[in-house]
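Here the structure is laid out as structure tokens; the discussion comes afterwards.
We did not get these values from a lab; they are worked out from the coordinates using the rules stated. Predicted, not measured: the structure shown is a model, and the values here were computed from it. A quick note on method: Cβ atoms are made from the backbone with ideal geometry, for glycine too, and the neighbour counts reach across all protein chains shown.
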Amino acid sequence: MVRGWIGAPLGAALLAGGCAPSPAAPGAPRPGTLRPGGTPAAAAAAVPDAGADGPALQVLGQYRRFHQVFEYTLETGDPGRVPEVATGTAAARLLAAVRANRRAGVVQRGHAVPHPRLLARRAATADVLDCATASGLWTFRIRSGAQVGRAPEPGRYLLYARLVRSGGVWRVDSVTYPRDHRC
């Protein structure tokens, strides 16, 4: 079980809002749940700057896409979309979680709703403050569909994210949370 790869609060909070039917992970049962975040293609689409949307919407839109890809990646074990939305520490931790989940034969599912605010935007970096409401990450065995461990505790989690801009696209570089992560 990989709930502690970046801390239970952060893992639980890094899930996206908006529900859409989800394709089953390879070998995983479909318990009739919905996967937050929309279709995988929409979740992974990188958003180059498009002046009409405004600077804040560009950053916050890509921040939300990061959450969607995070969730899709843990649910399916497919890390292919991670480079489109993450770099640096954020990408490294997510890819490490996928490898650990594969070794353990599990997938993780959950639901959260981010409530981000843009704190600062510069030419190449942006800082986001988020108070995400999360159900937590549920862990399931891929082969049997059996739940692993106890049910997660829902809650609200305070997160700080740094995004970097490269090639006209914002990507999450790091996500941190304070010792007291309550909102």
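Against the criterion of being under 15 Å from E71 (Cβ atoms), among the acidic types (D, E) and in a strand (DSSP E or B), D130 qualifies. Residues of region 66-106 that are hydrophobic (A, V, I, L, M, F, W, C) and outside any helix (DSSP H, G or I): A86, V106.
Restricting A151, A104, A120 to residues that are within 30 Å of G54 (Cα to Cα) and touching a strand residue (DSSP E or B) at 6+ places or on another chain (Cβ under 9 Å) narrows the list to A120. Is it the case that Q147 is crowded, with 21+ Cβ neighbours inside 10 Å and not aromatic (F, W, Y)? Against the criterion (crowded, with 21+ Cβ neighbours inside 10 Å and not aromatic (F, W, Y)), Q147 does not qualify. All but one of (1) within 18 Å of D173 (Cβ to Cβ); (2) touching a Cys at 6+ places or on another chain (Cβ under 8 Å) hold for L118; which doesn't? It is condition (2) that L118 fails. On the stretch given as region 107-127, residues that are surrounded by fewer than 23 Cβ atoms within 10 Å (Cβ to Cβ) and not in a strand (DSSP E or B) total 4.
Might you check whether a residue that is surrounded by 21 or more Cβ atoms within 10 Å (Cβ to Cβ), within 14 Å of the chain's Cα centre (by Cα), hydrophobic (A, V, I, L, M, F, W, C) and closer than 15 Å to V69 by Cα occurs anywhere in region 154-162? No, region 154-162 contains no residue that is surrounded by 21 or more Cβ atoms within 10 Å (Cβ to Cβ), within 14 Å of the chain's Cα centre (by Cα), hydrophobic (A, V, I, L, M, F, W, C) and closer than 15 Å to V69 by Cα. Looking only at residues in region 144-155 that are part of a strand (DSSP E or B) and touching a residue at least 60 places away in the same chain (Cβ under 8 Å), which one is farthest from D173 (Cα to Cα)? Of everything passing the filter in region 144-155, V148 is farthest from D173 (Cα to Cα).
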